[in-house]
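The values are calculated or read from the model by the stated rules, or taken from the named source; none is laboratory data. No experiment lies behind these values; they were computed from the predicted model shown. Here the Cβ positions follow ideal geometry from the backbone for every residue, glycine too, while neighbour counts run over all protein chains shown. Keep in mind that these areas ignore ligands, DNA and RNA; they rest on the heavy atoms of the full protein, side chains included. Shrake-Rupley method; radii C 1.70, N 1.55, O 1.52, S 1.80 Å.
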Amino acid sequence: MVDIALIGAMLFLMKYWSRVAMRLMVSLPSEHQEQSGFVQWFRARWPRVLIFAIPNGGKRNLSTARNLKLEGVVPGVPDLYIPAWGIWVEMKRQKGGRLSPDQEQMINYLESIGHDVIVGYGAADASEKLLSLLGGRGGDSKEEKATAP
């Protein structure tokens, strides 16, 4: 026989812990905030180097999604691109951010053709990974060769 009190206690705990989890998620910056912070940091550090966003995500109605697909939108393309350096940046939240299967496939493809891809779990992680990657390439010599339009 099912104990009603036990079920009630379980439901209460589930509801309580979901609220706690939601508070933790809300207290962390969103992917949008992380990406905006990274772009601001990048542009302040290298004002002459172009970085731009690929607005590939978000909710859309069916007709808009169909039109974008016809225009060449491809799922999984990373969020940011630095053309002078051939570096793509996929931004995720600090906690809980995961790559989709489309993103994993796209990253594998880009790396297979010689592009570098950074997956940044927050702005600080993305900036550390970019600095590390540039350090391995010789750093400042390549950084200042390209001027953004």
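Might you let me know whether region 65-78 holds any residue that is of a type in the set (Lys, Arg) and more than 25 Å from Ser27 (Cβ to Cβ)? The answer is yes, given that some residue of region 65-78 is of a type in the set (Lys, Arg) and more than 25 Å from Ser27 (Cβ to Cβ).
When restricted to residues that are in a loop (DSSP other than H, G, I, E, B) and either open to solvent by 60 Å² or more (accessible area, probe 1.4 Å) or aromatic (Phe, Trp, Tyr) (or both), region 97-130 contains 3. The set of residues from region 45-77 being under 24 Å from Ala126 (Cα atoms) and surrounded by fewer than 11 Cβ atoms within 10 Å (Cβ to Cβ) comprises Pro47, Pro55, Gly58. Here region 85-96 is the region considered, the condition is being in contact with a helix residue (DSSP H, G or I) (Cβ under 8 Å, 6 or more places away or on another chain) and not in a strand (DSSP E or B), and the residue that is nearest to Leu131 (Cα to Cα) is Trp85.
Do the conditions hold for Lys59, that is, is it under 16 Å from Val119 (Cα atoms) and either within 17 Å of the chain's Cα centre (by Cα) or not aliphatic (A, V, I, L, M) (or both)? No.
Among the residues of region 23-56, those that are at pLDDT 95 or above, aliphatic (A, V, I, L, M) and in a helix (DSSP H, G or I) comprise Val39, Ala44. Of the set (1) touching a helix residue (DSSP H, G or I) at 6+ places or on another chain (Cβ under 6 Å); (2) farther than 16 Å from Val39 by Cα; (3) modelled with pLDDT of 95 or more, all apply to Pro75 but (3).
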